[in-house]
Each structure stands twice: as structure tokens, then as C-alpha cells.
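Student: Attaching a single structure in C-alpha cells format; questions to follow.
What follows draws every value from the coordinates through simple rules; no lab data is involved. Being a predicted model, the structure only gives us computed values, none of them experimental. Reconstructed Cβ throughout: ideal geometry from the backbone, glycine too, with neighbour counts over all protein chains shown.
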């Protein structure tokens with residue numbers, strides 16, 4: 001593992017100590033990076049702030065991408081405090097419960113638009129704001145799922161939304177490559193996070209993935225963190241535009 005000493009990173013999406021974003025943040029911190037960490041609202045702050053403080057984060061900021069100006073305020077604070085950014089992790093997704101639990105063809109226009117905005121377009125917005133801060137290049141990471149390319153029962157409207165996210169990764173990698181800004185999506189198999197538990201019959205999905213994966217085990221948030229830390233390091237400078245599967249081989253099975 002290449003050291004991340006001296007690098008500055010932004011982590012968006014920690015909800016608790018079971019979050020994929022937290023596993024990644026731990027790996028970034030252990031490799032020597034300095035982190036800015038966000039929490040979605042006042043209700044989430046008591047759960048996130050102690051974790052951020054344990055990571056020695058000098059910037060712990062509110063960020064609900066649905067609220068006008070909050071994301072811009074995060075980047076303004078980073079620019080004022082650090083003057084640069086080396087990497088960021090976007091690990092947020094949302095869909096209204098009634099739309100998430102219904103068939104795709106029954107999803108509402110408003111619900112689908114909100115899912116796309118929070119889960120996909122917010123990553124594009126972050127990339128746009130990060131670009132001028134990544135003067136010497138950098139890395140943008142987001143989090144996807146196998147349901148983007150194959151039909152996964154009960155994943156519903158999040159499948160097309162994640163497909164759009166993965167396509168955005170490829171397009172942004174092409175657009176930002178001449179500035180040495182790399183873009184990737186982490187694609188772990190099913191993980192028992194708070195966000196994923198909102199999916200209908202999620203425990204069945206976990207059991208099925210464990211049974212189907214060649215390694216017969218699920219990835220952990222630590223596994224995600226190890227891959228993320230490598231991708232933002234200088235050791236991965238020749239990699240961009242990839243969907244990095246972290247799922248014990250689950251994605252190769254029919």
C-alpha cells in the first residue's frame with residue numbers, strides 16, 4: 001500500500017461505524033491522509049462526529065446535497081482551510097421509500113428524479129467543485145452495486161440510477177483525464193449497512209450473494225477501505241474509469 005501522507009481527502013456518506021464510507025475513511029486515515037468528513041443533518045451529527053474526531057478530522061461539516069448551498073459551503077471551507085483537495089469519496093444514495101419498494105414501472109417521476117439527483121448527479125457536482133482544487137491531479141470515488149448491470153430482485157429503481165452513476169464515472173474519467181484526475185466506482189457486493197437495510201427482503205439478498213460468490217463470503221467495509229486507499233494513492237495513477245468489484249467474485253456468476 002502506498003502512503004497517503006500529506007494527502008487531503010473529503011469523505012461524504014458516513015452514517016455510522018458500519019458505513020462503507022467509514023471503512024474507507026479508516027483506511028485513508030491509517031495510510032496517513034487528512035480528512036474532511038460530512039454528516040447529513042443534525043440528527044446524524046451525534047453518530048458521525050465521534051467517528052470523525054477519532055479520525056482526527058479537522059473539518060467536520062454538514063452536507064445534505066438536497067439543501068441548496070450546503071455542498072458548495074463544504075468545498076468553500078476546504079478551499080479556505082487547505083487550498084487543495086487530493087481525493088474524495090461520494091458514498092450517498094437515496095430514494096423515497098414508496099418508490100424504492102415499488103416496481104420500476106410504478107415509480108413516481110418525483111421519486112425517480114430525487115434518487116437520480118442524490119445518488120448520481122451529486123457526484124457530478126462534487127467533481128465539478130473538486131476539479132479546480134485538484135491542481136496536481138487527484139481521484140474521485142463513488143459507490144455502486146452489481147444491480148446496475150444485472151437485474152437484482154427488489155433493487156428496483158436503484159438499478160437504473162446506479163447504471164447512470166457508473167456511466168458518469170466513465171465519462172468523467174475521459175473528461176478529466178488530461179488533468180490527471182482519476183474517477184472510479186467501488187462496487188461491493190451486498191453489505192449490511194443502514195442504507196442497504198432499506199431494501200425489501202435484504203437479508204435474503206445477503207444469503208444468496210454469500211452462497212453464489214466463489215469465495216462464499218461477503219466483503220467487509222474494511223475490504224472496501226483497502227481498495228479505496230489503493231485507488232487514491234499514487235500507486236494507482238495509471239488506473240481510471242473502472243468499476244472495481246469487491247464482492248468475493250459474486251459479479252462473475254450467472
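Student: Which whole-number percent gives the relative contact order of the chain, counting Cα pairs below 8 Å spaced six or more residues apart?
Tutor: Dividing the mean separation by the residue count of the chain yields 21 percent.
Student: With axes computed from alpha carbons, what is the tilt in degrees of helix 158-176 against the longest principal axis of the chain, rounded to the nearest 10 within 0 to 90?
Tutor: Its long axis makes an angle of about 30 degrees.
Student: A further question follows. Can you tell me the orientation of helix 20-30 relative to the chain, as the angle in degrees between its alpha-carbon axis and the longest Cα principal axis, to the nearest 10?
Tutor: 30 degrees
Student: When DSSP beta bridges are limited to those with both residues in the range 62-215, what percentage is antiparallel, rounded to the nearest 5?
Tutor: 0 percent
Student: Go ahead and set up a Gaussian network model of the chain, Cα springs under 10 Å, then flag whichever of 112, 87, 28 fluctuates most.
Tutor: 112
Student: Could I ask something else about it? Under the rule a/c < 1.5 gives rounded, and otherwise a/b versus b/c splits prolate from oblate, where does the range 8-249 land using the Cα gyration tensor?
Tutor: Rounded is the answer for the range 8-249, as its axis ratio a/c remains below 1.5.
Student: With just the Cα atoms defining each centre, how far is the range 157-179 from the range 219-242? Give it in Å.
Tutor: If we compute the Cα centre of each part, the gap is 17 Å.
Student: Still on this structure: Tell me, in nm to one decimal, what length is gained between residue 30 and residue 153 on full extension, where the rule is 0.36 nm per residue of separation less the Cα-Cα distance? Working shown, then result.
Tutor: Details: separation 123, 0.36 × 123 = 44.28 nm, distance 3.67 nm.
Taking 0.36 nm per residue and subtracting the Cα distance, the gain is 40.6 nm.
Student: With n ≥ 4 as the cut-off for DSSP H runs, can you work out [θ] at 222 nm for the chain, using -39500 (n - 2.57) per run divided by the number of residues, rounded to the nearest 500? The partial results should precede the final answer.
Tutor: On the way: 9 runs with 96 residues, N = 254.
Using -39500 (n - 2.57) per qualifying helix, the result is -11500 deg cm²/dmol.
Student: Shifting gears a bit: So if R0 is 25 Å, what FRET efficiency would residue 103 and residue 167 give, r being the distance between their Cβ atoms, rounded to the nearest 0.05?
Tutor: 0.65
Student: If the chain between residue 215 and residue 110 were fully stretched, how many nm would it gain, using 0.36 nm times the residue separation less the Cα-Cα distance?
Tutor: Fully extending the segment from residue 215 to residue 110 adds 33.8 nm.
Student: Separate question: Pairing the Cα long axis of helix 221-232 with the longest principal axis of the chain, what angle in degrees results, from 0 to 90 and rounded to the nearest 10?
Tutor: 50 degrees
Student: Report the paramagnetic label zone for residue 16: residues of the range 201-232 whose backbone N is under 12 Å from a point 7 Å from Cα along the Cα-to-Cβ axis.
Tutor: In the range 201-232, the label zone of residue 16 (backbone N under 12 Å from the point 7 Å along Cα→Cβ) covers no residue.
Student: While we're looking at this one, here's another question. Go ahead and run the numbers for FRET between residue 234 and residue 174, Cβ-Cβ distance against an R0 of 25 Å, rounding to 0.05.
Tutor: Computed FRET efficiency for residue 234 and residue 174: 0.75.
Student: If we sort 159-167, 38-46 on the protection proxy, mean other Cβ atoms within 10 Å, highest first, what's the order?
Tutor: Ranking the peptides 159-167, 38-46 by packing returns 159-167, 38-46.
Student: Which of 224, 24 has the fewest other C-beta atoms within 10 Å, and how do the rest follow up to the most?
Tutor: The fewest-first ordering by Cβ neighbours comes to 224, 24.
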